[in-house]
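One structure is given here, and the rest of the page talks about it.
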Amino acid sequence: MADIARITEVVEPEAKALGFDLVRVRYFKGGEIGDEEHTLQIMAERPATGQLVIEDCAALSRRVSDAFDALEEAGDVLIEEAYRLEVSSPGIDRPLTRAKDFAAWVGHEARIELSELIDNRKRYRGDLVGFDAETQDISIEDDGVVFTVPFALVANAKLILTDKLIAASRPLDTSGADEILEEQED
């Protein structure tokens with residue numbers, strides 16, 4: 001399996017060079033084409049908007065591919081098997097991977113899965129009601145009860161698509177949207 005920490009060491013400077021923050025690097029088996037396909041997924045965002053447009057994704061994809069090729073020519077092969085490179089914006093129902101993600105999305109609904117049990121529980125779904133930057137604790141209200149979970153134990157977390165989240169996540173570029181609406185009305 002690929003060394004995600006090493007891949008991230010290579011990818012992050014390429015994202016930063018373009019002015020992007022790296023959200024997540026993931027390598028997994030299975031994808032759009034089939035279960036045997038390997039995918040290297042890179043999510044990044046512009047700090048000011050939390051999004052990338054297609055041109056940004058293409059630019060980051062080219063930089064990462066060039067960096068991987070240069071390392072491979074020098075004898076440092078990061079991924080042995082064939083894989084598909086997927087570069088994207090985190091999207092509306094984005095993964096929450098960094099402490100600042102939890103702080104930024106307080107007031108929105110999320111799903112959190114922990115790496116170990118806390119009081120016989122690993123999964124939470126509800127409104128993010130707080131994030132303590134000092135203790136790195138996340139507060140989430142699930143079924144009317146507020147639970148505190150440590151950021152260090154978060155294995156997987158993402159926002160849940162709601163009307164409130166959609167209203168808070170306006171697209172960067174709406175050019176052409178009027179034409180799509182007109183076509184739908186016809």
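The values are calculated or read from the model by the stated rules, or taken from the named source; none is laboratory data. Fair warning: this is a prediction, and the values are worked out from it, not measured in the lab. Positions of Cβ are generated from backbone atoms using ideal geometry, with glycine treated the same way; all protein chains shown enter the neighbour counts. These area figures cover heavy atoms from the full protein model, side chains too; ligands, DNA and RNA do not enter into them. Shrake-Rupley method; radii C 1.70, N 1.55, O 1.52, S 1.80 Å.
Please compute the contact order of the chain in relative form: average sequence separation of alpha-carbon pairs under 8 Å and at least six residues apart, divided by the residue count, as a percent.
17
Can you give me the Cα centroid spacing of the range 126-145 and the range 44-76 in angstrom?
33
Assuming 1.306 mPa s and 10 °C, estimate D for the chain with Stokes-Einstein, Rh taken as the Kirkwood radius over Cα pairs, in µm²/s. Numbers along the way, then the final one.
Working: Rh = 18.5 Å.
In µm²/s, the coefficient rounds to 86.
For a quick check of your reading of the filter: which GluC sites (Glu not before Pro) in the range 3-85 sit in a DSSP loop and have no more than 14 other Cβ atoms within 10 Å? Don't skip to the answer; put the middle values down first.
On the way: sites: GLU9, GLU14, GLU32, GLU36, GLU37, GLU45, GLU55, GLU72, GLU73, GLU80, GLU81; in loops: GLU32, GLU36, GLU37, GLU80, GLU81.
When the GluC sites (Glu not before Pro) of the range 3-85 are filtered for loop state and at most 14 Cβ neighbours within 10 Å, GLU32, GLU36, GLU80, GLU81 remain.
Could you tell me the relative contact order of the range 5-89? Use alpha-carbon pairs under 8 Å, at least six residues apart, and round to a whole percent. Kindly include the intermediate steps, with their values, before the conclusion.
Numbers: 121 pairs, mean separation 27.5, N = 85.
Once normalised by length, the contact order is 32 percent.
Under a 1.4 Å probe, what is the accessible area of the chain per residue, stated in Å²? Present the calculation step by step, with values, prior to reporting the outcome.
Working: 10990 Å² over 186 residues.
Here the per-residue accessible area is 59 Å².
How high is the FRET efficiency from GLN41 to GLU141, r the C-beta distance, R0 45 Å, rounded to 0.05?
Efficiency, rounded to the nearest 0.05: 0.90.
When the chain is fully extended, how far beyond the present Cα-Cα distance does ALA99 get from ASP69, taking 0.36 nm per residue of separation?
Values: separation 30, 0.36 × 30 = 10.80 nm, distance 3.21 nm.
Between ALA99 and ASP69, full extension yields 7.6 nm more.
Reachable lysines from LYS122, Cα under 16 Å, same-chain residues fewer than 8 places away excluded?
LYS158
Roll a 1.4 angstrom probe over the protein heavy atoms and tell me the percent of accessible area of the chain that is carbon or sulfur. Spell out each step's value before the answer.
Values: 5210 of 10990 Å².
C and S atoms contribute 47 percent here.
What are the lysines whose alpha-carbon lies under 23 Å from the alpha-carbon of LYS164, with same-chain residues fewer than 8 places away excluded?
Those lysines meeting the cut-off are LYS100.
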